[in-house]
1. List the residue pairs whose Cβ atoms are under 7 Å apart, where the first residue sits in region 74-86 and is within 24 Å of V139 (Cα to Cα), the second is of a type in the set (V, I, T), and the two are 6 or more positions apart or on different chains.
2. Report, by residue number, each residue of region 155-169 that is without any contact (Cβ under 8 Å) to a residue 24 or more places away in the chain and buried (at least 19 other Cβ atoms within 10 Å of the Cβ).
3. Quick check on region 125-154: of everything there that is assigned to a strand (DSSP E or B) and touching a residue at least 40 places away in the same chain (Cβ under 8 Å), which residue is farthest from A34 (Cα to Cα)?
4. So, in region 185-234, how many residues would count as being surrounded by 14 or more Cβ atoms within 10 Å (Cβ to Cβ), assigned to a strand (DSSP E or B) and among the small types (G, A, S)?
5. Does Y126 qualify as being farther than 17 Å from R54 by Cβ, crowded, with 16+ Cβ neighbours inside 10 Å and of a type outside the set (V, I, T)?
6. Does region 119-147 hold any residues that are among the aromatic types (F, W, Y) and within 22 Å of K26 (Cα to Cα), and which are they?
7. Of all residues in region 27-74 being polar (S, T, N, Q) and open to solvent by less than 40 Å² (accessible area, probe 1.4 Å), which is nearest to Y144 (Cα to Cα)?
8. If H177 meets every condition in (1) open to solvent by less than 20 Å² (accessible area, probe 1.4 Å); (2) more than 14 Å from the chain's Cα centre (by Cα) apart from one, which number is that one?
Amino acid sequence: MAQGSNPIRRRDEGKLFTSLQQRFRKRRFAKIEAMIEGLLQDGQTLRILDVGGRAEYWNMLPAHLRGRVHLTLLNYGEELAAYSQQVEGGLNFENASGNACAMPEFGDGSFDLVHSNSVIEHVGLYANMQDFAAEIRRVAKAYYVQTPNFWFPIDPHTAFPFLHWLPDPIRLFAHTHFSLGLAKKSDFASAVSRMDNCRMISRRYMRALFPDAAHSSERFALIFAKSLIAVREG
């Protein structure tokens with residue numbers, strides 16, 4: 001969307017996109033809830049690590065499960081300071097400051113379930129993604145990792161079509177000259193940072209990063225694979 005476009009229209013488009021994202025998130029969480037139910041044993045408290053997640057996300061967890069899980073939410077320290085903690089009653093969680101690409105503070109198999117929702121595409125270069133995936137596989141007995149599919153035509157971070165398919169110089173020009181979907185026009189440094197910290201991956205990448213997982217897709221309109229999901233059962 002070009003600079004100077006109608007701000008009311010942009011807000012309406014943003015609300016529609018957010019509504020669709022929330023619908024997919026709720027549908028996705030049903031699978032996570034089923035994993036938790038399957039992993040729980042009598043009298044057990046399930047240890048869950050959410051890499052890059054927020055406590056509010058777990059408000060979707062049913063009340064009867066909240067007392068049976070302990071959540072560790074791992075984020076960079078500066079991100080934790082900016083997050084609100086609008087959680088519903090009975091949610092047992094703690095915040096931890098750290099880097100998911102290197103988690104020496106957690107031993108092998110420390111968590112019954114490691115969860116990551118739309119994070120791996122934000123860790124930078126492919127080498128960082130390899131470290132991220134290796135650490136998740138190491139500290140987890142079971143894991144659930146979701147990421148937007150590179151080949152889905154709408155960039156989920158801007159709600160703008162085809163943007164993420166363009167070469168970096170063209171994307172840089174676009175970000176510094178136009179407002180694109182939900183993304184406002186940026187200065188050069190901000191645009192470069194946005195590109196460096198948002199690199200979507202394909203199914204082939206996902207399979208290479210998580211070779212011991214069962215892989216599936218989250219579909220839009222029964223045709224397009226919107227997101228990629230890797231699951232390793234405990």
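1. L74/V51
2. L163
3. Going through the qualifying residues, I end up with N149.
4. Residues that pass the stated criteria total 5.
5. The answer is no for Y126.
6. Y143, Y144
7. Taking the candidates together, the pick is T72.
8. The single condition H177 does not satisfy is (1).
The values are calculated or read from the model by the stated rules, or taken from the named source; none is laboratory data. Predicted model, so just to flag it, every value in this text is computed and none were measured. Every residue, glycine as well, gets a Cβ built from its backbone with ideal geometry; the counts of neighbours run over all protein chains shown. Calculation scope for accessible area: heavy atoms of the full protein, side chains included, ligands and nucleic acids excluded. Shrake-Rupley method; radii C 1.70, N 1.55, O 1.52, S 1.80 Å.
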